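Let me begin by presenting the structure, written as structure tokens, before commenting on it.
The values are calculated or read from the model by the stated rules, or taken from the named source; none is laboratory data. Computed from a prediction, not measured in an experiment: that's the story for all the values here. Cβ placement follows ideal geometry from the backbone for every residue including glycine, while neighbour counts extend to all protein chains displayed. The protein model used for the area step is the full one, side chains on, heavy atoms only, and it has no ligands, DNA or RNA in it. Shrake-Rupley method; radii C 1.70, N 1.55, O 1.52, S 1.80 Å.
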Amino acid sequence: MTERGVHLGKVQETLLIPLYGRAVENRKPQPALRDPRAEDIVASIDYDFARFDNLPSLIGTVLRTSLFDRWVADFLTSHPTGSVVEIGVGLNTRHERLDNGQAHWFDLDLPDVIDLRRTFFTDSPRRTMIAASVTDEAWTDAVKSPGPYFFSAEAVLPFLSEAQVRHVVDLIAGRFPGSLLALDTAGPGIIDTQDQHDALSKVEARMQWTCADPAELTMWRPGARILASQRLSALPPRMYDELPAAYREMLAGLAEQRLPQVEEYRLNLVQLP
Ligand SMILES: C[S@@+](CC[C@H](N)C(=O)[O-])C[C@H]1O[C@@H](n2cnc3c(N)ncnc32)[C@H](O)[C@@H]1O
């Protein structure tokens, strides 16, 4: 894709959806999440973001990031000097939101994304960008900091094939045993209808990995445990209770409708063996 100043591959372009979601959220008087940096970045990227205006998925991306933030924050509370590895980081700003001054952070994405990311962020002794595919084992050598490790793969793995996802899970479990892995999964009701998806229909990339039940991961890696598997319509009470009232009402309505696009989308926290 080449569009008004941003030169990204098809799957890479999808990073602009959650980025815009956080920027729009930041403008609201009562947001679910504050991200002034995302607003600044959107203002400086020449891209037709208006195509995503008013899409329900934008709120979904914000709630997803917010839950992943909570999981990472919990990890850092228990392990303040641990390491956070953002797989397919895009232009996410989790480090800006959560860094505790002690943890190590690794921001991994494909080379063209890291080139773009480097125009907004810089490496530091505790923060390292890695330009690589997550499917290429070589990136694991760049993660040199002490454990324990939290791997955050937010809206990334569904874009890979199932074989690639299994390879990535094996890579992480093999090289970083005992790690936590946060990932989202999409069931057949989502994968089979993605051409009609409100946001994906506005870009060319499509998801490949259909995961009807996140428990599959525990069969791939015996000893792996699913610590949490949340639907957006049934968020953990401590997060739900802190959301603005309008969001709580919207989510309660969603829970009643039981739409496959909502019910089959899961945010999962996995303890690897
Ligand atoms: C929907 S975006 C999510 C970005 C970010 N995680 C967020 O939530 O803002 C998907 C991201 O996955 C990245 N990605 C896709 N395939 C990848 C691969 N094989 N290796 C590394 N990153 C990949 C894309 O470049 C893109 O940045």
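Which one is nearest to the ligand (Cβ to nearest atom) among residues in segment 122-156 that are without any contact (Cβ under 8 Å) to a residue 60 or more places away in the chain and open to solvent by less than 10 Å² (accessible area, probe 1.4 Å)?
So in segment 122-156, the residues without any contact (Cβ under 8 Å) to a residue 60 or more places away in the chain come out as 122-142, 144.
Keeping just the survivors that are open to solvent by less than 10 Å² (accessible area, probe 1.4 Å) gives 139-140.
Values: Trp139: 8, Thr140: 13 Å.
Filtering first and then ranking leaves Trp139.
List pairs: first in segment 89-115 and free of Cβ contacts under 8 Å to residues at least 40 places away in the same chain and more than 9 Å from the ligand (Cβ to nearest atom), second of a type in the set (Ser, Thr, Tyr) and assigned to a strand (DSSP E or B), Cβ under 7 Å, 6+ apart or cross-chain?
Every condition considered, the pairs that remain are Ala103/Ser83; Phe106/Ser83; Phe106/Thr128.
With the checklist (1) more than 12 Å from the ligand (Cβ to nearest atom); (2) surrounded by 14 or more Cβ atoms within 10 Å (Cβ to Cβ); (3) within 17 Å of the chain's Cα centre (by Cα) in hand, flag the one item Gln12 doesn't pass.
Gln12 satisfies every listed condition except (1).
Could you grab the pairs with beta carbons closer than 9 Å, sequence gap of 6+ or different chains, first residue in segment 202-218 and in a loop (DSSP other than H, G, I, E, B), second one buried (at least 16 other Cβ atoms within 10 Å of the Cβ) and aromatic (Phe, Trp, Tyr)?
Filtered contacts from segment 202-218: Ala205/Phe159; Arg206/Phe159; Met207/Phe159; Gln208/Phe159; Trp209/Phe159.
Testing Ser44 on (1) at pLDDT below 95; (2) within 14 Å of the ligand (Cβ to nearest atom), one condition comes back false. Which one is that?
Only one criterion in (1) at pLDDT below 95; (2) within 14 Å of the ligand (Cβ to nearest atom) is unmet by Ser44, namely (2).
Here are some conditions: (1) open to solvent by 50 Å² or more (accessible area, probe 1.4 Å); (2) within 15 Å of the ligand (Cβ to nearest atom); (3) in contact (Cβ under 8 Å) with a residue 24 or more places away in the chain. Leu55 meets all but one. Which one does it not meet?
Looking at each condition in turn, Leu55 falls short on (1).
For the structure I just gave you, tell me whether Arg117 is modelled with pLDDT of 95 or more, under 17 Å from Leu181 (Cβ atoms) and open to solvent by less than 20 Å² (accessible area, probe 1.4 Å).
no
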